[in-house]
There are 2 protein chains.
Amino acid sequence: MATANIKEVARHAGVSLGTVSNVLNRPDMVAPATRQRVLDAITTLGYVRNDSARQLRAGHSRTVAIVVLDVANPFFTDVVRGAEQVIEEAGAMLVVCNSGEDSARERRHLELLEEQRVRGVLITPVDHGPQPNLDKLIDRGIPVVLVDRGTGRVNRCSVAVDDVLGGRLAMDHLLDQGHHRIAYLGGPLSIAQVADRHAGAAAALEERGGDAELRVAVTTSLTVAAGRRAAEELLTLPARQRPTAVFCANDLIALGVLQELTARGLRVPADVAIVGYDDIEFADAAAVPLSSVRQPRDQLGRTAAQMLLEEAESRDTHRHRHVVFQPELVVRRSSDQPRRTRR
Amino acid sequence: MATANIKEVARHAGVSLGTVSNVLNRPDMVAPATRQRVLDAITTLGYVRNDSARQLRAGHSRTVAIVVLDVANPFFTDVVRGAEQVIEEAGAMLVVCNSGEDSARERRHLELLEEQRVRGVLITPVDHGPQPNLDKLIDRGIPVVLVDRGTGRVNRCSVAVDDVLGGRLAMDHLLDQGHHRIAYLGGPLSIAQVADRHAGAAAALEERGGDAELRVAVTTSLTVAAGRRAAEELLTLPARQRPTAVFCANDLIALGVLQELTARGLRVPADVAIVGYDDIEFADAAAVPLSSVRQPRDQLGRTAAQMLLEEAESRDTHRHRHVVFQPELVVRRSSDQPRRTRR
DNA sequence: TATAGCGGCTAAAACGTTTCATCTAGCCGA
DNA sequence: TCGGCTAGATGAAACGTTTTAGCCGCTATA
C-alpha cells in the first residue's frame, strides 16, 4: 500500500492542499471544525509526513550528526547520551556515526552528511592537523563543533576537558597525602591526553617545591596488560626507591597496576596508592575501589549540542566559543590513606 | 553561499540537466568528453548532491536505522559495529538510535524514522508483548529485523543467540571438571536471558544424571555489587556444603564474586571455580582471567543487517528467517582446574 | 537507397512538501 | 448601501532530483 500523501488527505477532507499543510504546521490558523476534519482524514488514511519533501522545501534537515572515534568507547557513549538529550528536546534527531579512527571512513561520513544537508555536526576528528573536510562543511554553512579536540580554531566552536588540570588534581591529592616518591604511568606520549595529564602532574609538583620526585614510565598502550607490565617494572626497584604512589594516565592501566601489585602481595593503598583517570564504571567496582579523575562527559555532549543548535538558529549573530570543562577528582579507597611522613 | 544545484552544473557544462544526472548515476552512458566537462563543472562549482531531492524522487532513503536499548552497553555497541560494516559496504548509512529502554522514546524514534522513509529498521524492542509500532512499519513496507528478542514472529526476520545452549555449555564444562556442588547466580529471573541461561544449566545437569546439585541464588541485579553480595551469602555456608563452582548470569556478577572470594582468602579456581557470561572486555583482564560464555555479537549485527538489506532488495520474494546463533565457551584460568573427585 | 538500430543527448513530468499571493464571505462602521 | 477589514481557505510556484519518452545523426544491413 503506497503511503497516502497530503493531496489525498486534502481530497478526503474536502479541503485544499494548503489547508492540510496548515493543520500540520500552524494548527491555530485553521478553523476548529476544518481542522478536525483534516485530522480525521489523516488518521483514517494513516498519513505520515514525508520528511524528504519537507527537507527539500526547507533546504536543510532536522537531524544533527555526531561523528565519534569509536562507538564502543565509554567516553563517547556518554558524550552521545548527553548530546542526544539536548537534541531530542529540541525536536531534532541525533544520528551517530562511527569513524573508527579511520580518516577515510570519516571523510565518507562527512560527505554523506553533507549530501543530507544535516543541521550540524559534532565531531572528534581523526586527524589533528588541518581539516579541509570540516572547513568545507563550514563553508557550506553547516555548523561544526569540535569535541575534545584542538580547541582554539577560529571558525568553529569547541568543547574539551582540561587534562592538564586533571593531572594537577591527581598530583596535588597525592602530595597532600604525604607521598614523596610518585610515578606517572601512561603512553604513548604522542596522545595529547597522555602528555597533558603528565604536564599537569609535573607542574603541580614543580609548584609545590619540596623534595618529592616524579618518575615517568611510558607504556606502549593504555590497557590493563600494559598496566601490569608497568607495575612489574616498578617492583624490580629496591623497596626504598619504589614509588609509594602511582598516577595512571587512564583507569585501565590503573586496574592493571592494582592487580599486579596485589598479586605480588603489596597492599593498596597501604604500600602503594593508586589514582587513575576517566572514572570508568569499573573504577568503583574494582577489588580496591579506584580513585580517579572524572571528566564531565555527558555535559561535554550536552554543551556541544547546545552550542551547535544555537549556531544553527542564528548563524549571523553567532560568535564561536571554546568551552573547557574542569575535571574532578573522585577519591576512593585506592589512595585514601595519608602517609606517615617518614624520612 | 547557496549550494549549487544540478541545473547550474548543466548550464556551466553546456549540457542538459538529464545528462548531469546520467554522469552521476550511470557514468558510462555518457560520452567521455561530455562526462569530463560535467565532472569539471561539478568540481569548480563545488556541487554536492541533494539527498532530500534524491530520496523524494526515489520514494525511500538509503539509510538503515538500528534502535538499541542502550548505546553504552557493550553488547549493543558490538552489534552496531557489525551491522555498520555490512551497511556501509552496501553503500548505505547506518543511523544509531537509542531508546534507553523507554518505550515512549522508542515510539518517537520509530515515528521519525517512518517519516524519513528509512530503508529498514534493526531493533531490540523495549517491550516484549505485541508491537503495534513495528507492525505499522511493516505494513508501510519498511522491513524490520528483531535483534536478540522474540524470535518466531511471523511477519519479520530475527536474530538471536541461544541462551539455553550457553547455560548448557557452562554447566557441561563445570561437570567435566569434576564439580558436584554448583551454584547459579543471577537475577531477576524476569529477564529472559537470566531465565534461559539457568534453564540450560539445569537441563544439562538433569541430562548428565549423577548426584551433582545446582543451587540457585537469585540476585536483584546484574552488577558487580550484586555478585559480591551473592558471594558473601555463599560464604556463610559451612565449607562442606559450599559450592565448588559458580556459574554467573553475566560477567559483572562473576567479577564481583571473584573479588569477594579472593578478598576472603579463597583461591580461584582451586577453592571455587567461576564461569561468567558475555565475555566482556574485562573478563580477560580480571585478576584471575575469567572463563565466560561468548556471544557472537558483531556477527549478530552483521547477519541482521544482511537479512534487512536482502528483504529491502526483494520484498516480494523474501521469506522471513529466524537465525539463532550459538554461543561459545571461552575457558580461562578461573575455571581451568580439574577437581579431584573426593567424596 | 531505404530502413532499422544505436549511441548520445534533451525536454518534461513527477516525487510531496511549504509558502505566498489571492480570493471569498461575512461583518462593521460610515 | 458601500467600502474596508478580517478570518479562513485556495491554487500555484518552488525546492532539486531521477526517469522516461523521444529526438537527432550516424552506421550497418538488406
Under the condition of being buried (at least 22 other Cβ atoms within 10 Å of the Cβ) and facing chain A (nearest Cβ under 10 Å), which residue from the stretch B:92-106 is farthest from A:His109 (Cα to Cα)? B:Asn98
Near pairs, Cβ below 8 angstrom, 6+ apart or cross-chain, from the stretch B:56-69 (more than 16 Å from A:Leu112 (Cβ to Cβ)) to any residue that is part of a helix (DSSP H, G or I) and of a type in the set (Ser, Thr, Tyr): B:Leu56/A:Ser52
Kindly provide the set of residues from the stretch B:100-143 that are touching a residue at least 40 places away in the same chain (Cβ under 8 Å) and of a type in the set (A, V, I, L, M), ordered by number. B:Leu110, B:Leu113, B:Val118, B:Val121, B:Leu122, B:Ile123, B:Val126
Is it the case that A:Ser16 is within 16 Å of DNA strand D (Cβ to nearest atom), surrounded by fewer than 18 Cβ atoms within 10 Å (Cβ to Cβ), of a type outside the set (Phe, Trp, Tyr) and without any contact (Cβ under 8 Å) to a residue 24 or more places away in the chain? yes
From the list A:Ala53, A:Ala72, exactly one residue is in contact with a helix residue (DSSP H, G or I) (Cβ under 7 Å, 6 or more places away or on another chain), within 7 Å of another protein chain (Cβ to nearest Cβ) and modelled with pLDDT under 95. Which is it? A:Ala72
Of all residues in the stretch A:29-50, count the ones that are among the basic types (Lys, Arg) and away from every other protein chain (no Cβ under 14 Å). 2
Could you tell me whether B:Gly82 is farther than 21 Å from A:Ala92 by Cβ, more than 10 Å from chain A (Cβ to nearest Cβ) and not hydroxyl-bearing (Ser, Thr, Tyr)? yes
In the stretch B:252-294, residues that are in contact with a strand residue (DSSP E or B) (Cβ under 8 Å, 6 or more places away or on another chain), of a type in the set (D, E, K, R) and under 21 Å from B:Leu175 (Cβ atoms) total 2
Please verify whether A:Arg11 is surrounded by fewer than 16 Cβ atoms within 10 Å (Cβ to Cβ), free of Cβ contacts under 8 Å to residues at least 12 places away in the same chain, away from every other protein chain (no Cβ under 14 Å) and near DNA strand C (Cβ under 9 Å from one of its atoms), treating the condition exactly as stated. no
Please find, among B:Leu134, B:Leu185, the residue that is more than 17 Å from the chain's Cα centre (by Cα), within 26 Å of B:Gln299 (Cα to Cα) and not charged (D, E, K, R). B:Leu134
Within the stretch A:214-254, count every residue that is hydroxyl-bearing (Ser, Thr, Tyr), surrounded by 15 or more Cβ atoms within 10 Å (Cβ to Cβ) and away from chain B (no Cβ under 14 Å). 2
When residues of the stretch A:298-342 are limited to those that are acidic (Asp, Glu) and assigned to a helix (DSSP H, G or I), the one nearest to A:Gly178 (Cα to Cα): A:Asp298
Only one of these is within 16 Å of DNA strand D (Cβ to nearest atom), more than 22 Å from A:Ala90 (Cβ to Cβ) and in contact with a strand residue (DSSP E or B) (Cβ under 7 Å, 6 or more places away or on another chain): B:Arg62, B:Arg49, B:Arg156. Name it. B:Arg62
Verdict on B:Ala263 being over 30 Å from B:Leu137 (Cα atoms) and under 27 Å from the mean Cα position of the chain (by Cα): no
Scan the stretch A:115-132 residue by residue and report those that are assigned to a loop (DSSP other than H, G, I, E, B) and crowded, with 18+ Cβ neighbours inside 10 Å. A:Gln116, A:Arg117, A:Val118, A:Arg119, A:Thr124, A:Pro125, A:Val126, A:Gln131
Does at least one position in the stretch A:300-314 carry a residue that is hydrophobic (A, V, I, L, M, F, W, C) and modelled with pLDDT under 95? yes
Under 32 Å from the mean Cα position of the chain (by Cα) and near DNA strand C (Cβ under 8 Å from one of its atoms), is that true of B:Gly18? no
Within the stretch B:172-203, how many residues are assigned to a helix (DSSP H, G or I) and either closer than 30 Å to B:Asp127 by Cα or modelled with pLDDT under 95 (or both)? 12
Cβ pairs under 8 Å, 6+ apart, first in the stretch A:255-270 and away from chain B (no Cβ under 11 Å), second surrounded by fewer than 17 Cβ atoms within 10 Å (Cβ to Cβ) and assigned to a loop (DSSP other than H, G, I, E, B): A:Pro269/A:Asp336; A:Pro269/A:Gln337; A:Ala270/A:Gln337
Go through (1) under 21 Å from B:Gly141 (Cα atoms); (2) at pLDDT 95 or above one by one and return the number of the condition B:Val79 breaks. (1)
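The values are calculated or read from the model by the stated rules, or taken from the named source; none is laboratory data. Fair warning: this is a prediction, and the values are worked out from it, not measured in the lab. So basically every Cβ, Gly included, is an ideal-geometry build from the backbone, and we count neighbours across all protein chains shown.
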